[in-house]
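To start, the structure under review is shown below, and the notes come after it.
The values are calculated or read from the model by the stated rules, or taken from the named source; none is laboratory data. These figures come from a predicted structure and were not determined experimentally. Backbone-built Cβ (ideal geometry, glycine too); neighbour counts: all protein chains shown. Keep in mind that these areas ignore ligands, DNA and RNA; they rest on the heavy atoms of the full protein, side chains included. Shrake-Rupley method; radii C 1.70, N 1.55, O 1.52, S 1.80 Å.
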Amino acid sequence: MYSNETYLLDLLREANVFDEAALEDVNHKKKNQESVLEGLISLGLVTDEKIAEILAVNSGMEYVELSKMEIDPSVATQVPADSAVRFKIVPIAYGSGSLVIAVTDPLDFDSLDSVRHVLSVEPEFVVASDSAIRQRQLDFYQAELDSDQLAKLDSNAISMVEAEGEGGDAPIIKMVYQILQEAYQNRASDIHIEPLEEELRVRYRIDGALHKVQSHPPRLLPSIVSRIKIMTGTMSIAEKRIPQDGRIQAKFGSGDLDLRVSTVPTSCGESVVMRILDKSSLTLGLPQLGFFTDDQANMEELIRLPDGIILVTGPTGSGKTTTLYACLNTINKPDRKIITVEDPVEYLLSGINQVQVKESIGMSFAAALRAILRQAPNIIMIGEIRDLETASIAINASLTGHLVFSTLHTNDAPSSVARLADIGVKKFLIASAVRSVLAQRLVRNICPDCGEDAEITPKEVNALRLSSEQLSKAQIRAGAGCRTCRMTGYKGRKGLFEVFNIEEEIRLLINDDASSNVLRKRARELGMRTLREDGVRKVLAGITTAEEVLRVTMGDED
């Protein structure tokens, strides 16, 4: 495992990692094929991370945590796959005229000398743990390695063993913890663990885009899924034929992580998606969502109305719930009673009564709404208007002095009128009850650390219909890519908004059964900006890129 195990054991003993009694216990319990050092590791008396730290100190090299590093895959091509595996190394970065290489054993001088001969540049060695190096080798070289090399890596990477027998669960527990921790550190909103025919793929959704971060052998799937189910405390590890849902609460340092877990059986095994619930969104106000001053003033006026319905529309993942919570935070005062009906209740809001929908016991949106109206609320938030019964109760509540917030699935704001009519709501009720509809999308912000002045292409100019006057005043920017943003050029997201106010002229058009196109045209004449037009403003202000706006507003054309 290491070139000089006796010397390493002496270093560990001097560092008080273990005592002689522990060594005797290891000699008694270790398996015949294990070395003393392997026995120490398997019994949990020492970790390979601790070994790496001690080796680094005694060899005068730097210790690095590879699991926390962003490594450009192109760096790996500087060392052939078979050499990396043979010498237990992995290249991690370009230094000043050198190549930075992480090594498992800095005491193996023969291997280090061989590496120097293999490379065309002078290497700079740092020390990393054995498991972390093997995992990176799997990440970078899997396609180039033969079955024997892969088997060797699989049996050791992150101490991967079957979750059976004595101590077999510990490596899986560690692996799941590392997945959650890495997702948390990278600001991921979702974790996808997907069984494929030849691999078990792990991806994170960061700022709305999926990134592949890990690949494991498919045989680890049952153990990983079982561990996640156990963490929820409610999901059955015996049931693999039907979808299941649960929640996990984990702690990382001083931070709490709340996850919503979903499993679905697929042809290759159970697929797991864990949604990370970002509690920081609970404290957001309207300014943090991405409203420009004029739209923010409009929204602040709307949410302070005494009655009526305010709808937020957009596809799944467009930030509708975050916007609703920001509205409620803004108007949450001691003299107002606010009740929400949600499915599910994702976040607990201070000072607000929240009701969980449970269809299995007859607690539907409609049933919950009827009940909460008897609680004399001033403001009601409904997670989603899905059917006529829910819509009718919401409209009646708004017409009897309540301010109602809810969401609807439509592509743009004016289409919400047609959507409500489709589920059976009469047009005159829509015109009377609805005060405004806010359509929204999310675009990625240009990374503040690597953002720089950029040029916009003629194709983008035509698509966004930019005038020469607009371009002359624009601050066009783009991200060059850095470690902070995972080389994407983007960090964080802001909203694009289309605010469709139901003014008197619009109300008359709705009563006259006007189409969505007519409503849209007249609303624009009255000052409504479309999603794309709001996106153009954010491109010109250097907040996001033309590429992002075109990506999320492809259907927004005259």
- Message: Return the pair list, or none, for Cβ contacts closer than 8 Å from residues in region 398-423 that are at positive phi and touching a residue at least 24 places away in the same chain (Cβ under 8 Å) to residues that are open to solvent by 30 Å² or more (accessible area, probe 1.4 Å) and outside any strand (DSSP E or B), at least 6 apart or on different chains.
- Response: G401/P306; G401/D307
- Note on the structure: Residue count, region 337-348, condition crowded, with 18+ Cβ neighbours inside 10 Å and more than 17 Å from G246 (Cα to Cα), comes to 4
- Query: Does R551 meet the test of being part of a helix (DSSP H, G or I) and open to solvent by 10 Å² or more (accessible area, probe 1.4 Å)?
  - Reply: yes
- Which one is modelled with the lowest pLDDT among residues in region 72-98 that are under 18 Å from R483 (Cα atoms) and out of contact with any helix residue (DSSP H, G or I) (no Cβ under 7 Å at 6 or more places or on another chain)? S96
- Could you give every pair whose Cβ atoms fall below 8 Å, whose first residue belongs to region 326-338 and is more than 17 Å from G383 (Cα to Cα), and whose second residue is modelled with pLDDT of 90 or more and in a helix (DSSP H, G or I), counting only separations of at least 6 or pairs across chains? T330/E300
- Note on the structure: Those residues of region 431-456 that are farther than 29 Å from R524 by Cα, assigned to a loop (DSSP other than H, G, I, E, B) and open to solvent by 10 Å² or more (accessible area, probe 1.4 Å) come to a total of 5
- Item | Inter-residue pairs, beta-carbon under 8 Å, first under 17 Å from D295 (Cα atoms) and in region 537-549, second among the hydroxyl-bearing types (S, T, Y) and open to solvent by less than 30 Å² (accessible area, probe 1.4 Å), 6+ apart | K538/T544; V539/T545
- Task: Report whether or not L496 is touching a residue at least 12 places away in the same chain (Cβ under 8 Å), open to solvent by less than 20 Å² (accessible area, probe 1.4 Å) and within 24 Å of L324 (Cβ to Cβ).
- Result: yes
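If we keep just the residues of region 392-426 that are small (G, A, S) and part of a loop (DSSP other than H, G, I, E, B), which is surrounded by the most Cβ atoms within 10 Å (Cβ to Cβ)? Give the steps one after another, and end with the answer.
Narrowing region 392-426 to residues small (G, A, S): 392, 394, 397-398, 401, 406, 413, 415-416, 418, 421, 424.
Cutting the leftovers down to part of a loop (DSSP other than H, G, I, E, B) gives us 401, 413, 424.
Working: G401: 10, A413: 29, G424: 11.
Among them, the one singled out is A413.
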- Query: Do you know which of the residues in region 217-272 that are assigned to a loop (DSSP other than H, G, I, E, B) and in contact (Cβ under 8 Å) with a residue 40 or more places away in the chain is farthest from R134 (Cα to Cα)?
  - Reply: C268
- Mind listing whichever residues of region 347-366 are in contact with a helix residue (DSSP H, G or I) (Cβ under 7 Å, 6 or more places away or on another chain) and over 25 Å from P306 (Cα atoms)? Y347, V357
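Got a sec? Which helices (runs of 4 or more DSSP H) wholly within region 284-334 have at least 2 residues that are open to solvent by 20 Å² or more (accessible area, probe 1.4 Å) and over 27 Å from I206 (Cβ atoms)? So that I can check it myself, show each step before the final result.
Details: elements: 286-289, 293-302, 320-331.
Result: 293-302.
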- Task: Could you identify the single residue in S281, S271 that is surrounded by 16 or more Cβ atoms within 10 Å (Cβ to Cβ), under 22 Å from the mean Cα position of the chain (by Cα), hydroxyl-bearing (S, T, Y) and at pLDDT below 95?
- Result: S281
